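What follows is a set of notes on a single structure, which appears directly below.
The values are calculated or read from the model by the stated rules, or taken from the named source; none is laboratory data. Given the structure is predicted, the values throughout are model-derived calculations rather than measurements. Neighbour counts are summed over all protein chains in view; Cβ atoms, including those assigned to glycine, are modelled from backbone coordinates with ideal geometry. Note: areas computed on protein heavy atoms with side chains; ligands, DNA, RNA excluded. Shrake-Rupley method; radii C 1.70, N 1.55, O 1.52, S 1.80 Å.
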Amino acid sequence: MNYFDNQTAILLAAVAALILGSLYCWQIFYLRDKFKRREEEIKRHLYELTILKELGDRVGYSLNIPNIIDVICGSLNQFIKFSAVASLVVEPDKIVFKINLAEPVAKEFVAEVRERMRQSLGALLNKTIPQRQIKEVISGAVLAEEFKEPVRSFFNIPLVIGDQAAGVLTIAHTQAGLYREEDMTILYKIVQQASRAVTRLQEVVRAEQRKLNAMVSSITEGIVMTDRDYKIVVANPAVLQALGLTNQPELSIFDFIDNLEGKFDIRGKLEQSIRFDKIIPEREVMIRDKFWQIIVAPVHPHAQTDAETPPSFLNSNGNLGVGVNEEVLGGVVIFHDVTEEKKLTQMREDFTSMMVHELRSPLTGIKKATEFMQTGNISANPQSYGEYVKLINASANEMLSLVNDLLEVAKIEAGGLAVKREEVDVRQLINERIKFYRVIAQDANINLQAVVDDKLPSVVKADPQRLAQIINNFISNGLKFTAAGGKVTVQAMLHQRRQDVRAEGKILNWEWFLNKGKQSFKNFPAALLLAVTDTGIGVAEAGREQLFNKFKQIHSAAKSEIKGTGLGLSIAKGVAEAHGGVIGVESTEGEGSTFYCFIPI
Amino acid sequence: MGSINKKILIVEDEALMLRSLSDKFREEKFTVLEANDGANGLDSALANHPDIILLDIIMPKMDGLTVLEKLRQDEWGKEVPVIILTNLSDSDKVAEAMKNRAYDFLVKADWKLEDIVRKVREKLAKD
């Protein structure tokens, strides 16, 4: 029993030990395996981290996709075995196939890799990629005919930037069954990380670009920027408009050269500006019926930001930015439209020469007349003599009133038009003015009359002489432009605050052109409204503003059949404004006009 | 004198100038036609076929340059001698008139009435 017991006990112990031992062994193996896998995982992670860091360091904030791919491909051998690593990348004007060979392979091997990649990129882009579009770069080991091994292991990683397929990355080997899912996952992750970084970076750049474009777009000056090869970088709507390039989808410097019609050597000026790092201004170039001031300037990568920068962002050398030593990025051409300024100058010159004419003409007349009176036998003819004296007197009056008008205009411009408000009986004032013009109206067979709103107070506070000036100008203007048989009506009412002047006119049953206008003067204070309505030729909408502009009026007066300086309306405007009022005209061409002015009271 | 019954048309908007010139040429035994603006001047020229025309440049209704241009389009008017009356300030317009074969130009303020008469006689004597 004891023996048995001992034996049994030993046996049991041995079995137990065996079981325990094998359990232990199994445990050890199990743990070792686990550790090994963990170690590999850590290695992969480490690799991932390393490569991402390396990518980060080497690529930096680069948006250069081929460069990023080169970095990825260059570091792959640290963790994965391959015969070749290849990339097929879409560039603006071509598709580049790059293959790096880790061991010698046959030409067919490369061709096969290339073909597989062409297919998969084609599938990604959803289009066929022609062979001839692909540019091939082979590096690494040699191509050797004696190695006939085909592609046995292979995997593709798509490269997507934003929503756009940018290329394919491929690992290939002549041995079969080499690549496990983990390998692909890592590479996939890396590529994804890289593409995400680029996408984000691109988004930032695009946002900046959008801001820049929006800013450049809203600038009324035409702006075109080129790089050093005269490739168009930016061209804002204003410049496209100016040169008639709005419907051109792709722009090159040649489009600009063509449309500048030889008036401005844009390429030559850019070259000069970039080479000598200098701003080149060009005054008054006439392009497509407009006058332009054109400035050509070099563009530097960094604009000067230090405290010494003059506020005009031009430094002392007259350069944009600092960089005399810095590489010039390209050039910018700015088109500033000076047509209006030029027109204004022209108008001013016309005005002066017209004034000179208006004064010299009667003076020369007087000179000739007195010359004739001295030498001729005029004294023998008392009737003729009297006529000469009358003509000389009329000429003198004409010149005097012109000089007075000019002085008024000068006073208005200097802001020195004095308004002496006192109590004015507007009805009486209008009647006096009508009496003054009655003879002229009768001679011209024009019916001149007045209608005054009963609600208009018997007296208002205004400058009577100035009001008379306005009425005079309105009436004489109406008489000038109305044919025989027509009508000129002086109208006056009290415009109430918040009332629509068109409705007020309707209540009074007035015939005028204010109801044809868009303005209601609803937000205008209570005012004396003076108007003169005629049945004359009317005023085209485009010319209405300019009637009150002394330069413009003078210009058209010379062309019209009516002689006159046309200063009257611009003086009336000055008078109305000195009263804090407004002046204007509403009209229907061919039917007549209403000249009106509101004098706040 | 050779100028008797010669017909002169004076186109001038300044009343005194027109009157003085007209009276002077009448004294010199010319037949004088007057027009106080460009449109009247052109009508009168085409209707009356004067021997010579004195033409102001800056005038209402139709300026002197337009009158000259229209005259030159007319069968008779293309050969009629025209002397431009001018102020100093319109020299560019004078240049344009000379292109349209104006015979000569006279600056109004500088020329005495008798000089203008002499100039007209000179031209008429040449024809």
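Run a plain Debye calculation on region A:429-503 (Cα atoms as equal point scatterers, no solvent) and give log10 I(q)/I(0) at q = 0.14, 0.15, 0.27 Å⁻¹, rounded to two decimals, same order as the q list. Values, matching the q order: -0.51, -0.58, -1.27. Here each label is just a point 7 Å from Cα along the line to Cβ, and for A:GLU511 and A:GLU136 those points are 9.3 nm apart. Considering only A:ALA526, A:GLY574, A:GLN428, the residue lying farthest towards the positive end of the dipole of region A:417-600 is A:GLY574, judged by Cα position with unit charges set on Cβ.
Ordered by solvent-accessible area of protein heavy atoms (1.4 Å probe), largest first, the residues A:SER83, A:SER139 come out as A:SER139, A:SER83.
Kindly sort A:ILE440, A:ILE186 by accessible area of their heavy atoms, largest first, with the probe set to 1.4 Å. Provide the component values of the computation, followed by the final result.
Values: A:ILE440 90, A:ILE186 5 Å².
Ranked from most to least accessible, the order is A:ILE440, A:ILE186.
Among the GluC sites (Glu not before Pro) found in region B:5-92, those both in a DSSP coil and sparsely packed, with 12 or fewer other Cβ atoms within 10 Å of their Cβ, are B:GLU75, B:GLU79.
Give me the percent of the accessible area of the protein assembly as shown that comes from carbon and sulfur atoms, probe 1.4 Å, all protein chains in place. Mind dumping the intermediate values first?
Values: 21000 of 39570 Å².
Reported share for carbon and sulfur atoms: 53 percent.
Charged side chains reduced to their Cβ positions (Lys and Arg at +1, Asp and Glu at -1) give chain A a dipole of some 900 debye around its Cα centre.
At 1.4 Å probe size, with every protein chain present, just tell me what the per residue accessible area of the protein assembly as shown comes to in Å². Display every interim value, and only then the final one.
Details: 39570 Å² over 728 residues.
Accessible area per residue, the protein assembly as shown: 54 Å².
A simple charge model with +1 on the Cβ of Lys and Arg, -1 on the Cβ of Asp and Glu and nothing else charged puts the dipole of region A:59-203 at about 220 debye relative to its Cα centre.
For region A:434-475, a crude dipole built from +1 on the beta carbon of Lys and Arg and -1 on the beta carbon of Asp and Glu, taken about the Cα centre, is about 100 debye to the nearest 20.
Once all protein chains are placed together, A:ARG275 keeps about 150 Å² accessible to a 1.4 angstrom probe. Projected label points at A:LYS461 and A:ILE440, each 7 Å from Cα along the beta carbon direction, are separated by 3.3 nanometres.
For the cross-link pairs A:LYS411/A:LYS455; A:LYS367/B:LYS7; A:LYS368/B:LYS119; B:LYS99/B:LYS126; B:LYS78/B:LYS126; A:LYS343/B:LYS108, the ones whose C-alpha atoms lie over 23 Å apart are A:LYS411/A:LYS455; A:LYS367/B:LYS7; A:LYS343/B:LYS108.
Give, as a single signed number, the net charge of other residues whose beta carbon lies under 11 Å from the beta carbon of A:PHE155, with Lys and Arg counted +1 and Asp and Glu -1. Write out the running numbers ahead of the final one.
On the way: positive: A:ARG116, A:ARG180; negative: A:GLU181, A:ASP183.
After counting each charged neighbour, the total is 0.
Dividing the alpha-carbon radius of gyration of region A:163-224 by 2.2 N^0.38 Å (N being the number of residues), what value is obtained? Output field value: 1.93. With the biggest extent put first, the Cα atoms of region B:7-125 measure 32, 31, 27 Å across the principal axes.
Using a probe of 1.4 Å on the protein chains alone, the accessible area found for A:LYS43 is around 140 Å². Extending 7 Å from the Cα toward the beta-carbon at both A:ASP258 and A:ASN404 defines two label points whose distance is 6.3 nm. When chain A is described by a simple charge dipole with +1 on each Lys and Arg Cβ and -1 on each Asp and Glu Cβ, the residue from A:PHE35, A:LEU508, A:ILE583 located farthest towards its positive end is A:LEU508.
Between A and B, roughly 2200 Å² of accessible area is buried in total, ligands, DNA and RNA not counted and the probe set to 1.4 Å.
Structural size metrics of the protein assembly as shown, computed from C-alpha coordinates, are Rg and Dmax of 46.7, 187 Å. Bridge orientation summary for the protein assembly as shown: considering DSSP beta bridges with both residues in this region, about 70 percent are antiparallel. Comparing Cα centroids, region A:81-114 and region A:181-248 end up 30 angstrom apart.
Stretching A:SER75 away from A:LEU49 to a fully extended chain increases their span by 8.1 nm, per 0.36 nm per residue minus the current alpha-carbon distance. Annotation: A:GLU577 carries an accessible surface of approximately 100 Å², with a 1.4 Å probe and no ligand, DNA or RNA atoms counted.
Are there trypsin sites (Lys or Arg not before Pro) in region B:51-96 that DSSP marks as loop and that have at most 14 other Cβ atoms within 10 Å, and which are they?
Working: sites: B:LYS61, B:LYS70, B:ARG72, B:LYS78, B:LYS93; in loops: B:LYS61, B:LYS78.
Here the sparse-neighbourhood loop sites are B:LYS78.
For region A:417-600, what does the alpha-carbon gyration tensor say about shape, rounded, prolate or oblate, given a ≥ b ≥ c as the root eigenvalues, a/c under 1.5 as rounded, and a/b over b/c as prolate? Walk me through the intermediate numbers first.
On the way: a/c = 1.31, a/b = 1.30, b/c = 1.00.
Note, shape of region A:417-600 comes out rounded.
The smallest convex shape that holds all Cα atoms of region A:170-314, its convex hull, gives 214 Å³ per residue. Rounded to the nearest Å, what's the spacing between the alpha carbon centres of region A:361-399 and region A:493-537? Just the number, please. Region A:361-399 and region A:493-537 have Cα centres separated by 48 Å.
Between the residues A:VAL409, A:GLN383, A:GLN346, the greatest Cα displacement towards the positive end of the dipole of region A:343-413, with unit charges on the Cβ of Lys, Arg, Asp and Glu, is found for A:GLN383.
Expressed in whole Å with the largest first, what are the equivalent ellipsoid semi-axes of region A:59-203 derived from the C-alpha gyration tensor as the square root of 5 times each eigenvalue?
On the way: eigenvalues 117, 62, 37 Å².
Square roots of five times the eigenvalues give 24, 18, 14 Å.
Enclosing the Cα atoms of region B:59-127 in their convex hull gives a volume equal to 92 cubic angstrom per residue. If you average the alpha carbon positions of region B:50-68 and of region A:422-447, how far apart do those two centres end up, in angstrom? Centre-to-centre (Cα) distance: 37 Å.
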